[in-house]
1. Which residue is modelled with the highest pLDDT, if the candidates are limited to segment 28-43 and must be open to solvent by less than 40 Å² (accessible area, probe 1.4 Å) and over 17 Å from the mean Cα position of the chain (by Cα)?
2. Please indicate, with yes or no, whether at least one residue in segment 95-108 is open to solvent by 60 Å² or more (accessible area, probe 1.4 Å) and closer than 24 Å to F23 by Cα.
3. Among the numbered conditions (1) open to solvent by 30 Å² or more (accessible area, probe 1.4 Å); (2) in a helix (DSSP H, G or I), tell me where I52 comes up short.
4. Taking only segment 109-126 into account, find how many residues are charged (D, E, K, R), in a helix (DSSP H, G or I) and open to solvent by less than 80 Å² (accessible area, probe 1.4 Å).
5. Taking the residues in segment 61-79 that are surrounded by fewer than 18 Cβ atoms within 10 Å (Cβ to Cβ) and aliphatic (A, V, I, L, M) as candidates, determine which candidate is nearest to T44 (Cα to Cα).
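The values are calculated or read from the model by the stated rules, or taken from the named source; none is laboratory data. All values reported here derive from a predicted model rather than from experimental measurement. Cβ placement follows ideal geometry from the backbone for every residue including glycine, while neighbour counts extend to all protein chains displayed. Heads up: the accessible areas ignore ligands, DNA and RNA and are worked out on the full protein's heavy atoms, side chains in. Shrake-Rupley method; radii C 1.70, N 1.55, O 1.52, S 1.80 Å.
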Amino acid sequence: MAQESSHTTTERAVWTDTEVDQFLLYLSNNQDKIGDAGNFKDVTYNGAAEAIAEYLEHGPAKSGAMCKTKWASLKQTFNAIQKYCQQSGVHWDNIRGANVEGEASTSVWNEYVSKKVLMHPFCASGWRHYEQMDGII
């Protein structure tokens, strides 16, 4: 007799720009609930999930746990940009990102992103959530 295998598949969250914008707006409006480590309590993530439910376009409805994971990811990106900006002689703006131009700059950039993968998308473009994140953190 064959054994039935039971496994659950967890759908991955698919975040649209609108959902992220609304998520960050909710967190901004609840900024007083942020802890010392820059994180929120589960009740805040659960509230965020409810608040952004009407903006769902793809994938499963967002849960509090998905919001918590998204916040961690957004913080990682924000912190990577902040760390990059603290270096001497680098450029950052929200339109052109690192604005890498020329062979010498490209070489330095390529070396940097080989170790800091989160920065890779920002060679020539900014991060649309930077200002929102800066306002929350």
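1. Narrowing segment 28-43 to residues open to solvent by less than 40 Å² (accessible area, probe 1.4 Å): 30, 35, 38, 40.
Now drop any that are not over 17 Å from the mean Cα position of the chain (by Cα), which leaves 30, 35.
Values: N30: 97, G35: 91.
So the residue we want is N30.
2. Yes: segment 95-108 contains one or more residues that are open to solvent by 60 Å² or more (accessible area, probe 1.4 Å) and closer than 24 Å to F23 by Cα.
3. (1)
4. Going through segment 109-126, the residues charged (D, E, K, R) turn out to be 111, 115-116.
Filter again for in a helix (DSSP H, G or I), leaving 111, 115.
Then keep just the ones that are open to solvent by less than 80 Å² (accessible area, probe 1.4 Å); that gives none.
Here the count works out to 0.
5. A65
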